[in-house]
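Remarks on the structure that follows.
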Amino acid sequence: DGHLIGSHTFTHPVNFGFMNGKKVQKEIKLGHISINIQNAHNQLFRPPIGITNPIIAKAIKNYKLHSVSWSLRSFDTVIKSEERLKKRILSKVKGGDIILLHDTQAVTVRILDDLLAELKKRNFTFKAQLSS
């Protein structure tokens, strides 16, 4: 379907930005191995909490990965009202955005079909593509 797949560490440590290089590399390696990524075009990594620093950047480079992040944070880990969450996203989204959503949040799962339908109605298209 044209999706891009990437990893996000193995345990999603909240202190990822403060870990030493050895631990950072282990988290990235185990996360990548755990989803068994073989395709060279899918060498993506998103740092937990969107935090990066020179240690993380070095590990990403060592594993020949591309770091990706979001441009629109939904706050779906905090906002529990379906209407409020949809309104927040729909009032801020613009072309080219990467929306941060968590499949671990029940509210996100409940609104996703409606959110995608509304974005399509507004003539948004969806594609998985790395910028050059």
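The values are calculated or read from the model by the stated rules, or taken from the named source; none is laboratory data. Keep in mind that this is a model prediction, so the values were computed, not measured. Backbone-built Cβ (ideal geometry, glycine too); neighbour counts: all protein chains shown. Accessible surface areas use protein heavy atoms only, side chains included; no ligands, DNA or RNA. Shrake-Rupley method; radii C 1.70, N 1.55, O 1.52, S 1.80 Å.
What tally of residues in segment 113-132 results from selecting those that are open to solvent by less than 100 Å² (accessible area, probe 1.4 Å) and closer than 20 Å to Ser7 by Cα? If you could, list the steps in order and put the result at the bottom.
First, pick out the residues of segment 113-132 that are open to solvent by less than 100 Å² (accessible area, probe 1.4 Å): 114-119, 124, 128, 130.
Pick out the ones that are also closer than 20 Å to Ser7 by Cα and you get 128, 130.
Result for segment 113-132: 2.
For every residue, the table says whether it meets (1) within 29 Å of Gly21 (Cα to Cα); (2) touching an Asp or Glu at 6+ places or on another chain (Cβ under 7 Å).
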| site | (1), (2) |
| --- | --- |
| Gln43 | yes, no |
| Asn53 | yes, no |
| His66 | yes, no |
| Trp70 | yes, no |
| Thr77 | yes, no |
| Lys86 | no, yes |
| Lys94 | no, no |
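How many residues does segment 69-85 hold that are open to solvent by less than 40 Å² (accessible area, probe 1.4 Å) and either outside any helix (DSSP H, G or I) or of a type in the set (Ser, Thr, Tyr) (or both)? Quick ask: steps written out before the conclusion?
First pass over segment 69-85, keeping only residues open to solvent by less than 40 Å² (accessible area, probe 1.4 Å): 72, 74, 76, 79, 85.
Within this subset, residues satisfying the condition of being either outside any helix (DSSP H, G or I) or of a type in the set (Ser, Thr, Tyr) (or both) are 72, 74, 76, 79.
Residues that pass the stated criteria total 4.
State all residues of segment 64-96 that are of a type in the set (A, V, I, L, M, F, W, C), on the phi < 0 side of the Ramachandran plot and within 17 Å of the chain's Cα centre (by Cα); if no residue qualifies, say none.
Leu65, Val68, Trp70, Leu72, Val78, Ile89, Val93
From the set of residues in segment 86-112 that are at pLDDT 95 or above and among the small types (Gly, Ala, Ser), which is surrounded by the most Cβ atoms within 10 Å (Cβ to Cβ)?
So, considering only residues that are at pLDDT 95 or above and among the small types (Gly, Ala, Ser), the one surrounded by the most Cβ atoms within 10 Å (Cβ to Cβ) is Ala106.
Identify the single condition in (1) open to solvent by 60 Å² or more (accessible area, probe 1.4 Å); (2) over 17 Å from Lys29 (Cα atoms); (3) outside any loop (DSSP other than H, G, I, E, B); (4) modelled with pLDDT of 95 or more that Ile49 does not satisfy, given that it satisfies every other one.
Ile49 satisfies every listed condition except (4).
Based on what the data block shows, is Lys94 within 30 Å of Lys121 (Cβ to Cβ) and either in contact with a His (Cβ under 7 Å, 6 or more places away or on another chain) or not in a helix (DSSP H, G or I) (or both)?
So Lys94 passes the test.
List pairs: first residue in segment 69-97 and over 21 Å from Ala128 (Cβ atoms), second residue open to solvent by 70 Å² or more (accessible area, probe 1.4 Å) and at pLDDT below 95 anywhere in the structure, Cβ distance under 9 angstrom, at least six positions apart or on different chains.
As it stands, the answer is Thr77/Thr104, since those pairs meet every condition given.
Tell me, yes or no, whether segment 31-45 has at least one residue that is hydroxyl-bearing (Ser, Thr, Tyr), open to solvent by less than 30 Å² (accessible area, probe 1.4 Å) and touching a strand residue (DSSP E or B) at 6+ places or on another chain (Cβ under 9 Å).
no
Which one of these does Lys61 not meet: (1) under 22 Å from Thr108 (Cα atoms); (2) at pLDDT below 95?
That leaves (1) as the condition not met.
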